[in-house]
Amino acid sequence: MFRRREPVPFAFIAEADKFRSNVTPPPRERASASQVASRTLIGLTVVAGLVGSLLFGMPAMSADQSPAHTQKSEASDNR
């Protein structure tokens, strides 16, 4: 299934540096103002969603609070 790779002589690896291209790639295009604004808005929406889920989820996960109103059934009343 897996084939062993043949060992590569060290001289071949050392010579590989000579053949690197000296041509620089063209510079990246700058993002337009609308692209920057949309990326910022998406980032803020994601962060606001995470913060909101924490704010709404923390009270539900806390176990130290007892319920404010406990229900009793009439069957448990002593007559």
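The values are calculated or read from the model by the stated rules, or taken from the named source; none is laboratory data. All of these numbers come straight from a predicted model, not from anything done at the bench. No Cβ is skipped: glycine too gets one built from the backbone with ideal geometry, and neighbour counts run over all protein chains shown. Surface areas here come from the heavy atoms of the whole protein model, side chains and all, with no ligands, DNA or RNA. Shrake-Rupley method; radii C 1.70, N 1.55, O 1.52, S 1.80 Å.
Note on S53 and E74: the model spin-label points, each 7 Å out from Cα along the C-beta direction, lie 4.6 nm apart. The string of couplings for the range 44-50 from the Karplus curve (6.51, -1.76, 1.60, θ = phi - 60°) is 5, 5, 5, 5, 5, x, 5 Hz, one whole number per residue in order, with x for Gly and Pro. In the assembled protein chains, L55 presents an accessible area of approximately 120 Å² (probe radius 1.4 Å).
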